[in-house]
Amino acid sequence: MNQKLPRKITPLWHSCRVSVVIKALNEEQRIRATIESALRAVSAVGGEVILADSCSTDRTVELACTYPIRIVQLANPNERCCGVGPQLGYQHSHGDFIYILDGDMQMQEGFLEKALAFLEAHEDVAGVGGRVVEQNTESLEYMARGERDSPHLRPGKVDRLDGGGLYRRSAIEAAGYLSDRNLHSYEEFDLAIRLRALGWRLWRLPVDAVNHFGHDAPPYRLLMRRWRTRYICGLGELVRAAAGKPRLHLALEGLRELRLYMAVLGWWAVMASLVFWPVSASLRLAFFCIIATAPVLLMTWRKRSATKALYSVISWCFNAAGLIRGLLRRQRPAREAIASRIVKDSAMTYHHAIQGAAN
């Protein structure tokens with residue numbers, strides 16, 4: 001496992017203000033634009049850009065090597081998950097503030113300046129986010145997100161910074177680590193409840209922070225991918241990690257979907273119990289059909305679309321199964337260092353790095 005170089009070797013590290021950590025896995029289509037947007041963003045405030053790669057099998061790393069950034073890679077591809085990438089980049093970062101950026105996002109110029117100013121004016125705020133501008137507006141998945149109008153996506157005090165944010169290193173150190181290496185999703189919510197349990201606040205500014213392009217896969221194929229990659233297990237993994245800790249009540253209060261998926265499990269239990277009902281087989285079949293179709297009919301009425309309704313109910317079922325799968329998964333210590341290797345460690349000063357990017 002690589003260790004950080006002594007700070008005395010590179011004086012720049014003493015004055016590194018912002019570290020933009022790009023977490024990526026097979027993002028060759030968008031990685032250039034993502035890196036270039038990050039370099040432009042830090043050019044105004046001073047800092048570094050780090051690509052934390054989870055063993056991409058496409059040209060992501062090859063393309064990234066042409067830029068003046070640090071590139072670190074997961075040593076063991078079997079450890080891939082959403083929680084590993086941010087923590088891997090954090091391990092190799094030196095900034096007083098950390099921004100987490102997905103490989104399919106592009107930073108908006110001007111956001112870092114506004115976020116830094118807000119953090120300097122509010123010492124009790126651990127992290128600041130902005131608006132996440134969704135570019136994929138035709139996918140059922142992202143349409144459903146937009147329709148939910150989640151409170152944590154509105155400007156003001158929020159309970160999490162989904163979609164990325166700028167965090168104080170001092171707050172992250174107090175919380176123990178940036179992201180839990182065990183989580184296949186919900187890593188930003190996990191960080192949020194660890195920070196809030198310590199008394200820190202989180203804030204979302206009414207300005208655009210990033211453009212998010214998302215995945216173009218058909219919705220049901222996306223569900224299957226999330227099952228294969230265990231992304232769908234993140235909720236159960238988060239609850240297991242928080243069990244017995246002071247932050248558990250914050251997790252239970254903030255996870256409205258947890259109650260929904262528990263209701264789905266109850267729905268399954270009712271249908272499974274039909275075989276024991278003291279009624280005729282024909283009545284059991286009738287009750288089964290009524291109970292099985294009731295959620296789809298209800299959602300069709302609410303959404304005014306049978307297609308959206310069916311996708312919602314199937315998505316609930318996938319997530320309910322993922323909840324159980326995540327709760328049962330054994331976890332490694334979250335503070336344990338992640339084995340990695342340095343692919344590229346630019347020795348250029350910040351000003352040379354920006355000049356090289358411009359050329």
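Let me know the shape class of the range 45-107, please: from the alpha-carbon gyration tensor, a ≥ b ≥ c as square roots of the eigenvalues, rounded when a/c is under 1.5, otherwise prolate if a/b is greater than b/c, or oblate. Here the range 45-107 falls in the oblate category. The residues of the chain expose on average 48 square angstrom of accessible surface per residue, using a 1.4 Å probe on protein heavy atoms.
Here the Kirkwood formula, the inverse mean of 1/r across different C-alpha pairs, assigns the chain a hydrodynamic radius of 21.7 Å. What a 1.4 Å probe finds exposed on the chain is 56% carbon and sulfur by accessible area, rounded to a whole percent. Take the Cβ atoms of M224 and E253, set R0 to 41 Å, and the FRET efficiency comes out at 0.85. Length available on full extension from D345 to T57: 0.36 nm per residue minus the Cα-Cα distance, which gives 101.6 nm. Computed over the Cα atoms of the range 285-351, pair by distinct pair, the Kirkwood hydrodynamic radius stands at 16.8 angstrom.
At a threshold of 8 angstrom on Cα-Cα distance, excluding pairs fewer than six apart, so keeping six or more, what relative contact order does the range 174-300 reach in percent?
With pairs under 8 Å counted, the relative contact order is 25 percent.
The R154 and R304 beta-carbon pair, evaluated with R₀ = 25 Å, returns a calculated FRET efficiency of approximately 0.55. Here the contact order of the chain, divided by its residue count and restricted to Cα pairs under 8 Å and six or more residues apart, works out to 22 percent. Using the empirical formula 2.2 N^0.38 Å as the baseline, the Cα radius of gyration of the range 180-320 reaches a ratio of 1.32. Full extension of the chain between W277 and L297 yields a length gain of 4.8 nm, computed as 0.36 nm times the residue separation minus the alpha carbon distance. Per-peptide packing, taken as the mean over residues of other Cβ atoms within 10 Å, places 304-313, 285-294 in the sequence 304-313, 285-294 from highest down. Inter-label distance, R17 to R284: 7.0 nm, where each label sits 7 Å from its Cα along the C-beta direction. Only beta bridges with both residues in the chain are counted; by DSSP, about 40 percent of them are antiparallel.
For the range 194-221 and the range 86-121, what is the separation of their Cα centres, given in Å? For the range 194-221 versus the range 86-121, the Cα centre distance is 13 Å. Does the range 208-270 come out rounded, prolate or oblate, given a ≥ b ≥ c as the square roots of the eigenvalues of its C-alpha gyration tensor, rounded meaning a/c under 1.5 and, failing that, prolate meaning a/b above b/c? Oblate.
The values are calculated or read from the model by the stated rules, or taken from the named source; none is laboratory data. Just so we're clear, the structure is a prediction, and the values are computed from it rather than from any experiment. So basically every Cβ, Gly included, is an ideal-geometry build from the backbone, and we count neighbours across all protein chains shown. The protein model used for the area step is the full one, side chains on, heavy atoms only, and it has no ligands, DNA or RNA in it. Shrake-Rupley method; radii C 1.70, N 1.55, O 1.52, S 1.80 Å.
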